[in-house]
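Participant: Before I ask anything, let me first share the structure, which is written out below as structure tokens.
The values are calculated or read from the model by the stated rules, or taken from the named source; none is laboratory data. Quick caveat: nothing in here was measured; it's all calculated off a predicted structure. As a convention, Cβ positions derive from the backbone with ideal geometry for all residues, glycine included, and neighbour counts pool all protein chains shown. Surface areas here come from the heavy atoms of the whole protein model, side chains and all, with no ligands, DNA or RNA. Shrake-Rupley method; radii C 1.70, N 1.55, O 1.52, S 1.80 Å.
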Amino acid sequence: MTTELMWFRRDLRTHDLPALVTAADADRLACVFVLDPHLLDHERVSPARKRYLRQALVDLDNRLGDLGGQLMVVLGDPRHVVPALAKDLEVDAVHVTADHTPFAVARDDAVEKALADDGRTLERHQGVSIAPPGSVRTGSDSVYKVFTPFHRTWTQRDHGEPLTPPAALPRAPDGVGRIDTVAPTEVPQLDVRGPDEAWPDGGEGPARERLDDWLDGPVDDYDDRRDVLGVPGTSRLSPDLHMGCLSAREAWTRLDRRNPGQDTYATELAWRDFYLHVMAEWPDTARGAFREEYRDLPWHDDDDAFEAWAEGQTGFPIVDAAMRQLSTMGWMHNRARMIVASFLCKDLLVDWRRGEAHFMANLVDGDTCSNNGGWQWAAGTGTDAQQFIRIFNPTTQGTRFDPDGVYVRRWVPELADLPNNRLHEPWRLSEEDQEALGVIIGEDYPAPIVDHAEARQRAMDWWSQAT
DNA sequence: AATAGGTTAAT
DNA sequence: TTAACCTAT
Ligand SMILES: Cc1cc2nc3c(=O)[nH]c(=O)nc-3n(C[C@H](O)[C@H](O)[C@H](O)COP(=O)(O)OP(=O)(O)OC[C@H]3O[C@@H](n4cnc5c(N)ncnc54)[C@H](O)[C@@H]3O)c2cc1C
């Protein structure tokens, strides 16, 4: 008789989950999620993400219940909890979906070792990414550093068909009753309330509904609308993909790539896989610049500038709109993420790692791989070699991607009455116009904290000095 | 078969 | 600037 343990982490689903399908073949199966107090109190886990997690755990327990199983939620450090639990329940093997951040890899290696001391195994299954990290390789057998050729190879791959959930789960081993569990709804750190409409509900149920809605029409316009800041033209599935309430492979399989909107959407899913590949291959990039020579750049330790940025008080409407969207929604449009990241790193010369940490502390979809990849791309410290340093002009970006000002007016209401031709550069309003509109720059809305033209020159000089 | 050097493109 | 691929040797 085999007794096994399914240890859930960021794969809180029943559909297309190879680890669960394998575990379901055991004679006895226990399912567990370990709430690590260290992570619960960590500032890199945002309030919106805690709320999402709580709801996702409740949802998963219900789903496993429907299959004849149940989810035990145990409080503690998984390095101790999992081996102890395995011993207590006399488990032969522990199944997990492999995760690829340095933290997760170290944790799993430690658990694997502890299990091995008692003759048990940790079995890692594929399931976070679409293609297993490390599997998409160049002609010379290295991992890609540039997205476009990665994407070419990735697209030609057969990623396999998604798996259906097990029809039923084996009964739990004797002894589960002894295990000290908690109800996720009773964990104070997870009892987070937010602006309910703005934060997505967590769990496979809500996630699958969102996926169905997205694929039923809106995705067809993705290529046209994904860069328009003022409309909800993107899928908003990032937290679902991050927590694994949705299988990225299932989302990908359900696309019809002959449709341009759906094909463009497939490319974005490939970006997620790309950054997973990069992190799995070069884990040090989680902490610092990919390239050695960019590890010790003389970033400016400018707390005032950082605060103004974080609070959406820079005086650049598009930047401020985006940062306020982040604070309220725990989510920010991808275009806006690039704009604010460029602004922090180039206009303010603040270390990208401060921005990266602020994103993790606020995003509902905070993801070490994608977030780090996005920040290093914007900072110019990442894997891709560049010909020119990338400096976004916030005014140009605003007029191009929020031409009618819907986004800025929504998030920076004090500018709502400005005419379109001044909305993205309110500092150019004459004093008379400011009086007439009732918006005094420097009083009702901040004066720009830098002159972009000067900041741009400063960044270019700084970069050539530093490198 | 392995490598050097040219070409193309970088969301 | 340089990654990745292609071609020639
Ligand atoms: C500075 C910066 C930080 C970022 N931080 C994160 C993060 O912490 N977590 C996160 O999931 N994404 C991050 N991204 C990527 C991207 O902005 C978000 O995935 C996207 O905005 C989420 O919204 P959506 O689900 O509506 O995206 P859609 O446009 O609908 O895209 C679909 C899915 O594709 C994936 N995806 C799309 N764009 C990217 C990308 N550039 N890189 C990797 N995956 C992508 C996401 O899983 C996303 O849910 C970051 C980008 C930048 C520039």
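Participant: Which of the residues spanning the stretch A:338-379 are more than 18 Å from A:Ala286 (Cβ to Cβ), within 15 Å of DNA strand B (Cβ to nearest atom) and not β-branched (Val, Ile, Thr)?
Facilitator: Correct list: A:Met338, A:Ser342.
Participant: Output yes when any residue across the stretch A:99-109 is surrounded by 18 or more Cβ atoms within 10 Å (Cβ to Cβ), in contact with a helix residue (DSSP H, G or I) (Cβ under 9 Å, 6 or more places away or on another chain) and of a type in the set (Ser, Thr, Tyr), and no when none is.
Facilitator: Yes: the stretch A:99-109 contains one or more residues that are surrounded by 18 or more Cβ atoms within 10 Å (Cβ to Cβ), in contact with a helix residue (DSSP H, G or I) (Cβ under 9 Å, 6 or more places away or on another chain) and of a type in the set (Ser, Thr, Tyr).
Participant: Further question: Yes or no: the stretch A:288-299 includes at least one residue that is open to solvent by less than 10 Å² (accessible area, probe 1.4 Å) and not charged (D, E, K, R).
Facilitator: Yes: the stretch A:288-299 contains one or more residues that are open to solvent by less than 10 Å² (accessible area, probe 1.4 Å) and not charged (D, E, K, R).
Participant: Another one. How about the stretch A:59-71: which of its residues are of a type outside the set (D, E, K, R), out of contact with any Cys (no Cβ under 9 Å at 6 or more places or on another chain) and surrounded by 17 or more Cβ atoms within 10 Å (Cβ to Cβ)?
Facilitator: Of everything in the stretch A:59-71, just one residue is of a type outside the set (D, E, K, R), out of contact with any Cys (no Cβ under 9 Å at 6 or more places or on another chain) and surrounded by 17 or more Cβ atoms within 10 Å (Cβ to Cβ), namely A:Leu67.
Condition check ((1) away from DNA strand B (no atom under 16 Å from the Cβ); (2) of a type outside the set (D, E, K, R); (3) assigned to a loop (DSSP other than H, G, I, E, B)) across all residues:
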| position | (1), (2), (3) |
| --- | --- |
| A:Pro83 | yes, yes, no |
| A:Asp99 | yes, no, yes |
| A:Phe103 | yes, yes, no |
| A:Ala106 | yes, yes, no |
| A:Pro132 | yes, yes, yes |
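Participant: Go through the stretch A:352-467 and tell me which helices (runs of 4 or more DSSP H), entirely inside it, have 1 or more residues that are touching a residue at least 24 places away in the same chain (Cβ under 8 Å), within 29 Å of A:Thr148 (Cβ to Cβ) and under 19 Å from the mean Cα position of the chain (by Cα).
Facilitator: Here the list reads A:352-362, A:368-379.
Participant: Would you check if A:Val176 is touching a helix residue (DSSP H, G or I) at 6+ places or on another chain (Cβ under 9 Å) and among the aliphatic types (A, V, I, L, M)?
Facilitator: no
Participant: Considering only the stretch A:153-199, state which residues are open to solvent by 70 Å² or more (accessible area, probe 1.4 Å) and assigned to a loop (DSSP other than H, G, I, E, B).
Facilitator: Those that are open to solvent by 70 Å² or more (accessible area, probe 1.4 Å) and assigned to a loop (DSSP other than H, G, I, E, B): A:Arg157, A:Asp158, A:Glu161, A:Thr164, A:Ala167, A:Arg171, A:Asp174, A:Asp180, A:Asp191, A:Arg193, A:Asp196, A:Glu197.
Participant: One residue is enough: does the stretch A:433-450 have a residue meeting the conditions within 16 Å of DNA strand C (Cβ to nearest atom), closer than 26 Å to A:Leu297 by Cβ and open to solvent by 30 Å² or more (accessible area, probe 1.4 Å)?
Facilitator: The answer is no, given that none of the residues of the stretch A:433-450 is within 16 Å of DNA strand C (Cβ to nearest atom), closer than 26 Å to A:Leu297 by Cβ and open to solvent by 30 Å² or more (accessible area, probe 1.4 Å).
Participant: Would it be correct to say that A:Pro283 is under 30 Å from A:Arg63 (Cα atoms) and away from DNA strand B (no atom under 16 Å from the Cβ)?
Facilitator: no
Yes or no, residue by residue, for (1) free of Cβ contacts under 8 Å to residues at least 40 places away in the same chain; (2) of a type in the set (D, E, K, R); (3) surrounded by 24 or more Cβ atoms within 10 Å (Cβ to Cβ):
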{"site": "A:Asp227", "(1), (2), (3)": "no, yes, no"}
{"site": "A:Pro239", "(1), (2), (3)": "no, no, yes"}
{"site": "A:Ser247", "(1), (2), (3)": "no, no, yes"}
{"site": "A:Arg257", "(1), (2), (3)": "yes, yes, no"}
{"site": "A:Leu269", "(1), (2), (3)": "no, no, no"}
{"site": "A:Asp273", "(1), (2), (3)": "no, yes, yes"}
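Participant: Then there's this: I'm told A:Asp273 meets every condition in (1) acidic (Asp, Glu); (2) closer than 27 Å to A:Thr381 by Cβ; (3) not in a helix (DSSP H, G or I) except one. Can you identify the failing condition by its number?
Facilitator: Only one criterion is unmet by A:Asp273, namely (3).
Participant: Oh, and also: So is A:Met329 open to solvent by 10 Å² or more (accessible area, probe 1.4 Å) and under 18 Å from A:His452 (Cα atoms) or not?
Facilitator: Criteria not met by A:Met329.
Participant: Which ones in the stretch A:415-439 are out of contact with any helix residue (DSSP H, G or I) (no Cβ under 7 Å at 6 or more places or on another chain) and closer than 25 Å to A:Gly233 by Cα?
Facilitator: The answer is A:Pro419, A:Asn420, A:Asn421.
Participant: Scan the stretch A:32-47 and tell me whether some residue there is under 18 Å from A:Pro170 (Cα atoms) and not in a loop (DSSP other than H, G, I, E, B).
Facilitator: Yes, there is a match, as at least one residue in the stretch A:32-47 is under 18 Å from A:Pro170 (Cα atoms) and not in a loop (DSSP other than H, G, I, E, B).
Participant: Take the residues of the stretch A:390-408 that are of a type outside the set (S, T, N, Q) and away from the ligand (no atom under 16 Å from the Cβ): which is nearest to A:Met323 (Cα to Cα)?
Facilitator: A:Val408
Participant: Quick one: in the stretch A:124-152, of everything that is of a type in the set (A, V, I, L, M) and buried (at least 18 other Cβ atoms within 10 Å of the Cβ), which residue is nearest to A:Gly65 (Cα to Cα)?
Facilitator: Taking the candidates together, the pick is A:Val128.
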